[in-house]
Amino acid sequence: MTNKILVTGGAGYIGSHTCIALHETGYEVVVYDNLSNSSREAINRVSTLIGQTIEFIEGDIRDAEMLRQVFTSREFFGVIHFAGLKAVGESVAKPLLYYNNNVSGTINLLEVMAEYNIKNLVFSSSATVYGDPESLPIDENSPRSCTNPYGQSKLTVEHILEDLAVSDDSWNLVALRYFNPVGAHSSGQIGEDPNDIPNNLMPYISQVAVGKLKKLSIFGDDYPTIDGTGVRDFIHVTDLAQGHVSALNYLEQLTSSRSPSDMAKSVGFLPINLGTGKGTSVLELVNAFTEVTGRDIPHQFTGRRAGDIASCYASADKAKTLLGWQAELSIADMCQDTWRWQSQNPSGYNSH
Ligand code: NAD
Ligand code: WQD
């Protein structure tokens, strides 16, 4: 069986870390990315870290002809599909762009996969599909709802994957629902490199720490949480990357152990949370960052950010039971590794 994996969006934050984890486990990686939110330098650094040149194809998931060329000349076990746009605020301003890129792009990819009879997919979904959760921790059977086009694009793709699995039971469609990915590779060589002012908490904190931004605004101090600030399930990107390897291993075992009479036993649509199962408040994260790095993070409390929820953390049981995966790294590791990346690369991949 081939061990080649097509990684769409593999030049991005989570994708680049996952390429390393895949290589370390013996998978062969081909990255397909249009570089709309990433740079070649990330791929160069991944190649240096693994001591081998990663095959990189610059292309768009909406370009069926280009995808056909990729599938014609190579034999893949499956696809890990990270490619997508992810800024919630931008999605409200540009909904057509988000639906086109994230939904139409995924349909296009699935159609080409079907043409080439590649039926194993690991899709980047998000805890955002749970909306404002009714109960905590959030398990995979919790109701889904979304309030912005970005979230809606993820939920729509999940529905498409569900329908596809019903229509044809040879598909294996794993939707990994990430909670809040943070941190960087322990080398400090790759990490999160937002284009503009960061929307997310951890890159904002680290840019304040390195002096690029003056002060963190903490959005809300009156939530019904431990200290009034929002609570999230922060997960180290290295753990997250490992979760993708575990999902692929699961699919490989399943497909290789299947006897001809078992052919109908595919996973169909399989949603799995990737989180630590532990909630940390915004203020706790800020304090942990200071404790670990010695950097003071000037901050002020401002009003709540529209669309934010009070608390969100995963039940991580399904990933453990089914994939044998659980998060290993601590909040201190997340802060330490973020800081190593940020301090060594104050301007991200443009630093050197
Ligand atoms: P990222 O922006 O760093 O990576 C996404 C990559 O996809 C980028 O390299 C970008 O250039 C590429 N891309 C975008 N549109 C493309 C297209 N049409 N064709 C080819 N390539 C395209 O983001 P990330 O944080 O690494 O996220 C990866 C995936 O995980 C995304 O689908 C995102 O929605 C999802 N996700 C991210 C988070 C998070 O907080 N980072 C949380 C949950 C889910
Ligand atoms: C975390 C907490 C903020 C910035 C988003 C997406 C979600 C998923 C992950 C992709 C909240 C607070 C933040 C700041 C702050 N992405 N905060 N000051 O909102 O949980 O999730 O990223 O799928 O879809 O919505 O993450 O990092 O933006 O915020 O106080 O400058 O930090 O209010 O409580 P969020 P976040």
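Just so it is clear, none of the values below were taken in a lab; they were calculated from the coordinates. It should be emphasised that the depicted structure is a prediction, and the values quoted were computed from it without experimental measurement. So basically every Cβ, Gly included, is an ideal-geometry build from the backbone, and we count neighbours across all protein chains shown.
Averaging 1/r over every pair of different alpha carbons in the range 4-350 and inverting the result gives a Kirkwood radius of 20.5 Å.
With 22 Å as the limit on Cα-Cα distance, the pairs of K94/K119; K94/K212; K4/K86; K154/K318 that go past it are K94/K119; K94/K212; K4/K86. Simple spin-label estimate for N249 and D139 gives 2.4 nm between the two label positions (7 Å along the Cα-to-Cβ direction from each Cα).
Across the range 18-34, coupling constants 3J(HN,Hα) worked out from phi with the 6.51/-1.76/1.60 Karplus curve, θ = phi - 60°, read 5, 4, 5, 4, 5, 4, 5, 8, x, 7, 9, 10, 10, 9, 10, 8, 8 Hz, and Gly and Pro carry x.
Under a 5 Å amide H cut-off, with hydrogens placed 1.01 Å from N, L216 pairs with H299, Q300 among residues at least 5 apart or on other chains.
Under unit Cβ charges (Lys, Arg +1; Asp, Glu -1), what dipole magnitude, rounded to 20 debye, does the chain have relative to its Cα centre?
The dipole of the chain has a size of about 420 debye.
Mind checking the range 120-165 for GluC sites (Glu not before Pro) that DSSP puts in a loop (not H, G, I, E or B) and that have at most 11 other Cβ atoms within 10 Å?
Here the sparse-neighbourhood loop sites are E134.
Stretched out straight at 0.36 nm per residue, the stretch from E65 to T321 would grow longer than its current Cα-Cα span by 88.2 nm.
Once backbone amide H atoms are built at 1.01 Å from N, G268 has L173 as its partners under 5 Å, excluding neighbours fewer than 5 places away on the same chain. When you count the other C-beta atoms within 10 angstrom of each residue and take the mean per peptide, 231-242, 308-319 line up highest first as 231-242, 308-319. Using a ≥ b ≥ c from the Cα gyration tensor of the range 295-352 (square roots of the eigenvalues), is it rounded, prolate or oblate, where a/c under 1.5 gives rounded and otherwise the larger of a/b and b/c decides, a/b for prolate? It is oblate, given that a/c is not under 1.5 and a/b is not larger than b/c. What net charge is computed for the residues neighbouring G211, neighbours being all others with C-beta under 14 Å from the C-beta of G211, Lys and Arg scored +1, Asp and Glu -1? With Lys, Arg at +1 and Asp, Glu at -1, the net is +3. Cα centroid distance between the range 145-206 and the range 277-352, in Å? Cα centres, the range 145-206 to the range 277-352: 16 Å. Put simply, the amide H of L274, placed in the peptide plane, has neighbours under 5 Å in R177, Y178, F179, leaving out anything fewer than 5 places away on its chain.
Per-residue packing, averaged as other Cβ atoms within 10 Å, sorts the ranges 186-196, 287-297 into the order 186-196, 287-297, beginning with the highest.
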